[in-house]
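The values are calculated or read from the model by the stated rules, or taken from the named source; none is laboratory data. Here the structure is a predicted model, which is why all the values come from computation and not from measurement. Counting neighbours? That spans all protein chains shown, and the Cβs are built from the backbone with ideal geometry, glycine included.
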Amino acid sequence: MQKMIPVDEALNIMLRCATPLPSETIPFLDAAGRVLYDTIKSEIDVPPLDNSAMDGYAVRFEDTRGAEKNCPVKLCIMDEIKAGDFSDSITLTPGHAIRIMTGAPIPRGADSVIPVEDTTEEEDHVLLFRSLKKNENIRFAGEDIQSGQIVLKQGDMLRSAHVGLLASLNYEQVQVYGRPSVAVISTGNEVVDVGSPIRKGQIRNSNAYTLYSEIKKYGAIPHYRGIARDTFEETKKMFQDSLEHDIIITTGGVSMGKYDFVKNVMHDMQIDVKIETIAMKPGKPVVFGTRGNTLFFGLPGNPVSTMIAFIEFVRPVILRMMGMRQLDKPFVNAVCDEDISKKPGRRHYIRAFFYADTNGDLHVSTTGPQGSGILRSMTQANCLIILPETVEKVHKGEKVRIQLINHEEI
């Protein structure tokens, strides 16, 4: 029997086998959730011109000196500039103001904008009720982005703001890394799919659909291949029929039982099995191997074990194949609100819920019973308490390390 591999060593082995996929060019509107393939430099200034941050009046700040509510300064209105207007012929002269809208270009001669709420307009004049500093309420050309500036780096995960940024730079298309195709295979005579008749002694197939949703969540392309019944031949055929995918994931069939065929099939198909057990709980019987460019994950059959193994191992592998540089969920420390005991030797991942108290301090408590078949406890969790291999007891009031599973990677 292969010895248990420490969690960090196991993850490093998996990541070394995960090669970023070739690039593809997609419409920029489809870029959210994809990983940028090439670094992007701006060829323009954003904004392209100095412009007003307020609806108000473009003025010379010197002309506003001494203006107060009870002693306003009076300036003659000489013109108006709307957003989208531009005219080289307009030049502000001393003692005058130009009515201006938010986003409109600052005219020559003006060096400040007074908001409309600090003024009162009377016929062709405006009364200013406060003085201004130079450059007040002006957004300068290149204030957001300067021409030649690197705005997006290779390996950046593109989000909604990035899509807006691409639009502002006039990128109709963008080059991104490909998305891995992931096959999901359930195993076991006892497993029954949703909508199919079920008899006593059988269970509904939750694992495949949990995995399908997680794969989709992290940007890969899931393909549910069905249930392999407990025979060597059917398990092998299901593997063979899935070889066109970049990743193959099975759930169940990886323990030491008489009808657990996944490892035997992997060896028979000359899959290079690199990991058979990992020093963690839940999720100990995780199998990992490679054949060519295809990666194989044999995950445990218990629902929580499956999901935690996915979060800790399959998720970062998918992200690496998509070209992403940031793979780690954030870790923080929190005060534990209860006593927790465990046996030494394995790293424990305990389903938990963290919150901030009235002082802003983080606290955490478990979501109840931690049996690896209790999937409901994952629905109530927003983090995992990580207890190191050597720890046996955590006392109420002690700080523990928690992994924020619902937060983006950092």
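Going by the conditions given, is Thr250 touching a residue at least 60 places away in the same chain (Cβ under 8 Å) and part of a helix (DSSP H, G or I)? Explain how you work it out, then say what you get.
Working: touching a residue at least 60 places away in the same chain (Cβ under 8 Å): yes; part of a helix (DSSP H, G or I): no.
No: the conditions fail for Thr250.
Which residue out of Thr290, Thr251 is closer than 26 Å to Lys343 by Cβ and polar (S, T, N, Q)? So that I can check it myself, show each step before the final result.
Details: Thr290 fails: closer than 26 Å to Lys343 by Cβ.
Thr251 is the lone residue from the list that is closer than 26 Å to Lys343 by Cβ and polar (S, T, N, Q).
Being closer than 19 Å to Ile90 by Cβ, surrounded by 17 or more Cβ atoms within 10 Å (Cβ to Cβ) and either under 44 Å from the mean Cα position of the chain (by Cα) or not β-branched (Val, Ile, Thr) (or both) is the filter here; which residues of the range 117-163 pass it?
The answer is Asn137, Ile138, Arg139, Ala141.
Give the residues of the range 71-97 that are of a type in the set (A, V, I, L, M, F, W, C) and surrounded by 14 or more Cβ atoms within 10 Å (Cβ to Cβ), sorted by residue number.
Within the range 71-97, Val73, Leu75, Ile77, Met78, Ile81, Ile90, Leu92, Ala97 qualify.
Being under 14 Å from Gly56 (Cα atoms) and in a loop (DSSP other than H, G, I, E, B) is the filter here, so list the residues in the range 136-159 that pass it.
Result: Glu136, Asn137.
Determine, yes or no, whether Ile350 is modelled with pLDDT of 95 or more and either of a type in the set (S, T, N, Q) or within 23 Å of Thr306 (Cβ to Cβ) (or both).
The answer is yes for Ile350.
Which one of the conditions (1) outside the structural domain of Pro316 (by TED's automatic domain parsing); (2) within 26 Å of the chain's Cα centre (by Cα); (3) surrounded by fewer than 14 Cβ atoms within 10 Å (Cβ to Cβ) does Leu36 fail to meet, given that it meets all the rest?
The number of the failed condition is (3).
Quickly run through the range 184-220 and pick out the residues that are more than 21 Å from Asp30 (Cα to Cα), touching a residue at least 60 places away in the same chain (Cβ under 8 Å) and in contact with a helix residue (DSSP H, G or I) (Cβ under 9 Å, 6 or more places away or on another chain).
Answer for the range 184-220, where residues must be more than 21 Å from Asp30 (Cα to Cα), touching a residue at least 60 places away in the same chain (Cβ under 8 Å) and in contact with a helix residue (DSSP H, G or I) (Cβ under 9 Å, 6 or more places away or on another chain): Val184, Ile185, Ser186, Thr187, Val191, Ser206, Asn207, Thr210, Leu211.
If the requirement is being outside any strand (DSSP E or B), of a type in the set (S, T, N, Q), modelled with pLDDT of 95 or more and under 35 Å from the mean Cα position of the chain (by Cα), which of these qualifies: Thr102, Thr93?
Thr102
Of everything in the range 161-181 that's part of a helix (DSSP H, G or I) and in contact with a helix residue (DSSP H, G or I) (Cβ under 8 Å, 6 or more places away or on another chain), which residue is nearest to Lys41 (Cα to Cα)?
In the first step, residues of the range 161-181 are kept if they are part of a helix (DSSP H, G or I); the result is 161-168.
Now drop any that are not in contact with a helix residue (DSSP H, G or I) (Cβ under 8 Å, 6 or more places away or on another chain), which leaves 163, 166-167.
On the way: Val163: 15, Leu166: 11, Ala167: 14 Å.
This residue is Leu166.
Condition (residue is of a type in the set (Val, Ile, Thr), part of a strand (DSSP E or B) and out of contact with any helix residue (DSSP H, G or I) (no Cβ under 8 Å at 6 or more places or on another chain)) applied to the range 369-382: is it met by at least one residue?
no
Tell me, which residue of the range 292-336 that is surrounded by fewer than 16 Cβ atoms within 10 Å (Cβ to Cβ) and in contact with a strand residue (DSSP E or B) (Cβ under 8 Å, 6 or more places away or on another chain) is nearest to Leu15 (Cα to Cα)?
The extreme case among them is Gln326.
Starting from the range 353-369, keep only residues that are free of Cβ contacts under 8 Å to residues at least 12 places away in the same chain, then list their pairs with residues that are assigned to a loop (DSSP other than H, G, I, E, B) whose Cβ atoms are within a distance under 9 Å, requiring at least 6 positions of separation or different chains.
Tyr355/Asn382
How many residues are farther than 22 Å from Thr251 by Cα and crowded, with 18+ Cβ neighbours inside 10 Å when one looks only at the range 366-380?
Result for the range 366-380: 2.
Only one residue in Gly289, Gly253 is of a type outside the set (Val, Ile, Thr), crowded, with 17+ Cβ neighbours inside 10 Å, more than 15 Å from Ser181 (Cα to Cα) and modelled with pLDDT of 95 or more, so which one is that?
Among Gly289, Gly253, only Gly289 is of a type outside the set (Val, Ile, Thr), crowded, with 17+ Cβ neighbours inside 10 Å, more than 15 Å from Ser181 (Cα to Cα) and modelled with pLDDT of 95 or more.
Select from the range 8-24 the residues that are outside any loop (DSSP other than H, G, I, E, B) and of a type in the set (A, V, I, L, M) and list them in ascending order. If you could, list the steps in order and put the result at the bottom.
Initial filter on the range 8-24 (outside any loop (DSSP other than H, G, I, E, B)): 8-16, 23-24.
Once the filter is applied, which keeps residues that are outside any loop (DSSP other than H, G, I, E, B) and of a type in the set (A, V, I, L, M), the range 8-24 yields Ala10, Leu11, Ile13, Met14, Leu15.
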